[in-house]
Amino acid sequence: MFEFAYSDYLWFLWLVPLMLAVFMAARYWRRTAIRKLGDPGLLGLLMPRVSGQRPAFKFILAVLSLVFIILALAGPRFGSRLEEVRREGVEIMIALDVSNSMLAEDITPNRLERSKMAVSRLASSLRNDRIGLIVFAGDAFVQVPVTADYAAFRMMLENVSTGTVPVQGTAIGRAIDLAARSFTPETAAGKVLIIISDGEDHEDDPVKAAENARQQGIAIHTIGMGRPEGAPIPVGGGQARFLADQDGNTVITRLDEAALRSIALAGEGLFVRAGNSGTGLDLIMEEVEKMEKAEFAQLQYTEFTERFQYMAAIALVLLLLDFFINERKSRWLSSINLFSGKHRNNHGK
């Protein structure tokens with residue numbers, strides 16, 4: 001596979017047609033000026049060292065140099081070979097609450113966005129573990145199966161919103177049951193489920209689901225997003241508008257810390273309450289590091305091999321040629337005339 005690491009630099013290739021247009025215009029203006037001075041043939045005799053072709057040749061060298069410099073800056077690289085990579089780690093499943101209550105702004109910028117930022121940083125810090133993502137509200141769905149492709153995980157995470165799950169609610173129990181079925185079966189690796197939610201209005205029995213998951217060897221940690229005093233739920237629009245009940249009263253969503261503590265207790269894990277200073281994922285990952293690890297095998301592309309050096313070398317050669325080629329004819333070369341009469345006479349003898 002071939003790609004440019006910094007493809008934005010390729011936009012500078014638009015300089016090439018611009019330079020060509022300026023050069024052609026300058027050539028036209030120069031020829032027009034020469035015609036005004038007199039007969040071009042006569043002027044050529046008066047200026048024998050002036051070359052009409054060398055400036056064009058030097059211009060071509062300069063343009064080609066610029067093209068290869070831009071290609072070098074864009075970072076061409078190759079990586080087309082698949083290989084099996086073996087890693088030793090654990091499997092981590094993130095269950096992320098995407099219900100409307102996660103839009104509350106008692107944690108900046110809001111509960112959901114802060115959760116996504118923390119999970120994205122977690123994925124960026126992983127090296128050997130596998131990670132997956134479940135999103136849930138009134139129902140639960142696997143957004144990303146367990147994988148070691150952290151870049152793909154972060155890309156899918158970025159697209160998560162409160163509209164990802166159309167059914168509203170907070171069905172934590174369903175998310176736990178789905179996670180238990182989504183880990184790699186018959187693996188010796190430690191399995192951990194991290195639930196990130198405000199814990200409010202759960203519609204099933206998440207504690208029972210946590211107990212069942214723990215019997216399958218899954219440790220469950222919970223992170224509480226929000227504050228006990230609660231906050232209103234923004235509903236969008238140009239002005240500050242908040243969700244209201246049937247009587248017109250503003251709905252306040254509060255962190256159900258007791259429910260999340262009970263789930264973590266049943267799953268023999270930690271409960272951490274998030275705040276503006278952090279979500280507590282670091283504390284949970286310290287516990288994850290203590291879990292039993294297993295070896296994973298995965299096919300992936302080899303590391304890309306950088307090839308910018310070749311483009312830079314070609315650009316350097318072209319620039320050196322441009323530097324050493326003079327726009328005027330060499331006086332020494334001009335004095336050599338292989339087809340002069342004297343030369344023919346000598347051969348005739």
Total formal charge among the other residues, if their Cβ is under 15 angstrom from that of Glu289, Lys/Arg +1 and Asp/Glu -1: -1
Per-residue HN-Hα couplings for the stretch 58-66 [Karplus 6.51, -1.76, 1.60; θ = phi - 60°; Hz; x = Gly/Pro]: 5, 5, 4, 4, 5, 5, 4, 4, 4
Around Val98: net Lys/Arg minus Asp/Glu count, Cβ-Cβ under 12 Å: -2
Separation in nanometres of the label points that stand 7 Å from Cα toward Cβ, at Phe4 and Phe23: 2.0
Whether the stretch 114-226 is rounded, prolate or oblate, judged on the alpha carbon gyration tensor where a/c under 1.5 counts as rounded: oblate
Relative contact order [Cα under 8 Å, 6+ residues apart], the stretch 83-300, whole percent: 27
Exposure proxy ranking, count of Cβ atoms within 10 Å, fewest first, for Leu66, Leu13: Leu13, Leu66
Which of Glu91, Glu158, Glu257 has the fewest Cβ neighbours within 10 Å, and the rest in rising order: Glu158, Glu257, Glu91
For the stretch 83-300, radius of gyration divided by Kirkwood radius, i.e. Rg to Rh on alpha-carbons: 0.98
Relative exposure of Val63, Val142, Val135, judged by other C-beta atoms within 10 Å (fewest first): Val142, Val63, Val135
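Bear in mind that the values in this text are calculations on the coordinates, not laboratory data. Everything numeric here is computed off the predicted structure, so don't read it as measured data. So basically every Cβ, Gly included, is an ideal-geometry build from the backbone, and we count neighbours across all protein chains shown.
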